[in-house]
Amino acid sequence: MKTILFMAISPNGLIARENGDEDWLLSENWDDFLIVAKQCGNIVMGRETYEIVTRMYKNYNFDSVDVDTKLIVTTNSKFQVPAGYKIVVSPEEARDFVKSKNFDNLLLLGGGKLNSSFMKKGLVDKIHLTINPYVLGKGRPFLWPENFEYELKLESCENTSKDRVSLKYEVIK
């Protein structure tokens, strides 16, 4: 099973403003995400990402994504699990659960802290980034500063709609 880190980012690597607002992202990113989520059959995100996205987008958010498995990674014991989701407490537990369901890929959506925890533990196999034509001076990075380093091998680079660029990398371990 492969873990795919899938993010829409600014050219300087940010996924949201400091307050979590991501209104600058193009709606086409959501459409791309839905296609990949359907292919993978699962989505894995952090608690804060779940809360921000469902608060900001009432008409479409992770609740409306049609996949078999939705995991929220959190160590917050007071967080109430939403209907249709499963709570796990670590990247390893998320990976093991998705693997037990016989999926070929785990689709990791972040945020930055969760993405880095997967990276630090060597659990990311592929990184799929969509670079959006919008620069933020401050914000939340798609990878939180942590102690890890990996070489990447470019698998593909594609110009997509609305001046976006899709980059797909393999993580060299």
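The values are calculated or read from the model by the stated rules, or taken from the named source; none is laboratory data. In this text, all values refer to a predicted model and were calculated from it rather than measured experimentally. Note that each Cβ is placed from the backbone with ideal geometry, even for glycine, and that neighbours are counted across all protein chains shown. Accessible surface is based on the protein model in full, side chains and every heavy atom, while ligands, DNA and RNA are left aside. Shrake-Rupley method; radii C 1.70, N 1.55, O 1.52, S 1.80 Å.
Applying the criterion of at least 2 residues that are over 21 Å from residue 167 (Cα atoms) and either touching a residue at least 40 places away in the same chain (Cβ under 8 Å) or open to solvent by less than 20 Å² (accessible area, probe 1.4 Å) (or both) to the helices (runs of 4 or more DSSP H) found wholly in the range 1-119 leaves 47-56, 91-100.
Only one of the numbered conditions (1) in contact (Cβ under 8 Å) with a residue 40 or more places away in the chain; (2) at positive phi is not met by residue 129, and that is (2). Restricting the first member to the range 134-157 and to residues that are under 14 Å from residue 7 (Cβ atoms), and the second to residues that are open to solvent by 100 Å² or more (accessible area, probe 1.4 Å), the beta-carbon pairs closer than 6 Å and six or more apart or on different chains are 139/18; 144/113. Pick from the range 151-173 the residues that are in contact with a strand residue (DSSP E or B) (Cβ under 6 Å, 6 or more places away or on another chain) and either outside any strand (DSSP E or B) or at positive phi (or both): which of them is surrounded by the fewest Cβ atoms within 10 Å (Cβ to Cβ)? Among those that are in contact with a strand residue (DSSP E or B) (Cβ under 6 Å, 6 or more places away or on another chain) and either outside any strand (DSSP E or B) or at positive phi (or both), it is 160.
Can we say residue 148 is in contact with a helix residue (DSSP H, G or I) (Cβ under 6 Å, 6 or more places away or on another chain) and open to solvent by 20 Å² or more (accessible area, probe 1.4 Å)? Taking the combined requirement at face value, the residue satisfies it. Among the residues of the range 132-145, the ones that are of a type in the set (Phe, Trp, Tyr) and either at positive phi or open to solvent by 60 Å² or more (accessible area, probe 1.4 Å) (or both) come to 2 in all. On inspection, residue 124 does not qualify as among the β-branched types (Val, Ile, Thr), assigned to a loop (DSSP other than H, G, I, E, B), open to solvent by 80 Å² or more (accessible area, probe 1.4 Å) and on the phi < 0 side of the Ramachandran plot. Within the range 137-150, is even one residue modelled with pLDDT of 95 or more, within 26 Å of residue 66 (Cα to Cα) and touching a Ser or Thr at 6+ places or on another chain (Cβ under 7 Å)? No: zero hits.
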